[in-house]
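Let me begin by presenting the structure, written as structure tokens, before commenting on it.
The values are calculated or read from the model by the stated rules, or taken from the named source; none is laboratory data. Quantities reported herein were computed from a predicted structural model and do not represent experimental measurements. Please note: Cβ atoms are built from the backbone with ideal geometry, for glycine as well, and neighbour counts cover all protein chains shown. Side chains are part of the model used for accessible areas, which takes the heavy atoms of the whole protein and leaves out ligands, DNA and RNA. Shrake-Rupley method; radii C 1.70, N 1.55, O 1.52, S 1.80 Å.
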Amino acid sequence: MERATRIEEVRRRLDPERNAGRRIGFVPTMGNLHAGHLALVARARAECDLVVASVYVNPLQFGANEDFDRYPRTLEADAAQLTEAGCDLLFCPRDEEMYPNGLAEQTRVVPTALADVLCGVSRPGHFAGVATVVAKLFNIVRPHVAYFGTKDYQQLLVVRRMVEDLCYDLEVVGVPTVREPDGLALSSRNAFLTPDERRRAPVLYQTLCWLAEQLRSGRRDFSALEEEGRKRIAAAGFRPDYLAVVGAQTLAPPSPGERELVVLGAMYAEAARLIDNLPVQVGD
Ligand code: AMP
């Protein structure tokens, strides 16, 4: 696997490939790779001629009191895993390369409706940070296909909408969430859980499964369901952030008869905020 830290190196390496008609798959990450990330790389490997991954902890998407400083940075281990997974090129830029004019640079991509709900409420500015860095990475790599986890469902929708609204000529593929055997979604932030919190953390997924089951069996009293779900999370010793049943494409409260739904949840442990979601198809 080759490594590039400069934008110019990426372009020099990929331009001839693109011109030769080779299909470029791209997996953007913040590193500290686990089997969830590697599922995206495997999918890219299976579908593309050339696989490019990025490892960049994007300061622009972290709030002032969030975990940017202590976010796990494990570049050498990440590079070893990417090599093993068959990645061709790793782009791991420094901040000065991505933001030469500083974080107060004048141009940002600011997603609106989809970004103003759920995680957007507790993390103001987060999705503008995500959309801006993803837009920049797309312009650097110019992939044919970009792979994102459905684990970050709202992020996936925001990126899909950005691609559509800004006419990016690429396909966005969503890859299903990889979980621990007890249901907990793999996340770099799981490392911040105490052993006792780790034991209790599957409550988030279990609560989403319970909500999905209630919806499939015909319940439509969304507020009562969400409230009951929050109680389950609190009873397991976590502070619920949100639990919501929404339309799978709109992230808005389901309209009567809407069948493609998603249940999403976020909760705080002592030193981590965990998120998860589950798509649900319901009858009329
Ligand atoms: P991150 O490094 O957390 O920014 O994640 C990079 C990509 O990996 C994003 O598209 C995530 O949605 C995806 N991802 C993270 N965790 C998982 C998981 N457990 N299963 C599948 N994809 C994941």
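Looking at LEU103, LEU82, just one residue is more than 24 Å from LEU14 (Cβ to Cβ), out of contact with any Ser or Thr (no Cβ under 8 Å at 6 or more places or on another chain) and of a type in the set (A, V, I, L, M), and that residue is LEU103.
The helices (runs of 4 or more DSSP H) found entirely in segment 124-226 that carry 3 or more residues being closer than 30 Å to ARG12 by Cα are 126-141, 153-165.
Residues that are over 15 Å from LEU274 (Cβ atoms) and out of contact with any Leu (no Cβ under 9 Å at 6 or more places or on another chain) were ranked within segment 220-245; the one that is surrounded by the fewest Cβ atoms within 10 Å (Cβ to Cβ) is SER223. Please go through segment 12-37 and pick out each residue that is surrounded by fewer than 20 Cβ atoms within 10 Å (Cβ to Cβ), touching a residue at least 40 places away in the same chain (Cβ under 8 Å) and either more than 8 Å from the ligand (Cβ to nearest atom) or acidic (Asp, Glu) (or both). Of everything in segment 12-37, those that are surrounded by fewer than 20 Cβ atoms within 10 Å (Cβ to Cβ), touching a residue at least 40 places away in the same chain (Cβ under 8 Å) and either more than 8 Å from the ligand (Cβ to nearest atom) or acidic (Asp, Glu) (or both) turn out to be ARG13, ARG18, ARG23. Contact annotation: residue pairs with Cβ atoms under 6 Å, 6 or more positions apart or on different chains, pairing a residue in segment 220-232 that is among the aromatic types (Phe, Trp, Tyr) with a partner that is surrounded by 15 or more Cβ atoms within 10 Å (Cβ to Cβ), are PHE222/VAL245.
Whether a residue is within 29 Å of ALA128 (Cα to Cα), open to solvent by less than 80 Å² (accessible area, probe 1.4 Å) and not aromatic (Phe, Trp, Tyr) was assessed, and LEU211 does not pass this test.
For segment 38-49, which positions are of a type in the set (Asp, Glu) and buried (at least 18 other Cβ atoms within 10 Å of the Cβ)? Don't jump to the end; show me each part of the working.
Within segment 38-49, the subset of a type in the set (Asp, Glu) is 47, 49.
If the condition is that a residue be of a type in the set (Asp, Glu) and buried (at least 18 other Cβ atoms within 10 Å of the Cβ), then no residue fits.
Quick check on my filter: what residues within segment 38-55 are closer than 18 Å to VAL133 by Cα and within 9 Å of the ligand (Cβ to nearest atom)? Lay out the reasoning, then the answer.
First, the residues of segment 38-55 that are closer than 18 Å to VAL133 by Cα: 52-55.
Across segment 38-55, the qualifying residue is only VAL55.
Which of the residues that make up segment 123-158 are within 15 Å of ASN277 (Cβ to Cβ) and either within 11 Å of the ligand (Cβ to nearest atom) or not β-branched (Val, Ile, Thr) (or both)? Once the filter is applied, which keeps residues that are within 15 Å of ASN277 (Cβ to Cβ) and either within 11 Å of the ligand (Cβ to nearest atom) or not β-branched (Val, Ile, Thr) (or both), segment 123-158 yields PHE148, GLY149, THR150, LYS151, ASP152, TYR153, GLN154, GLN155, LEU156, LEU157. If you check ALA80 against the conditions, is it open to solvent by 60 Å² or more (accessible area, probe 1.4 Å) and more than 14 Å from the ligand (Cβ to nearest atom)? Judged against the criteria, ALA80 is a match.
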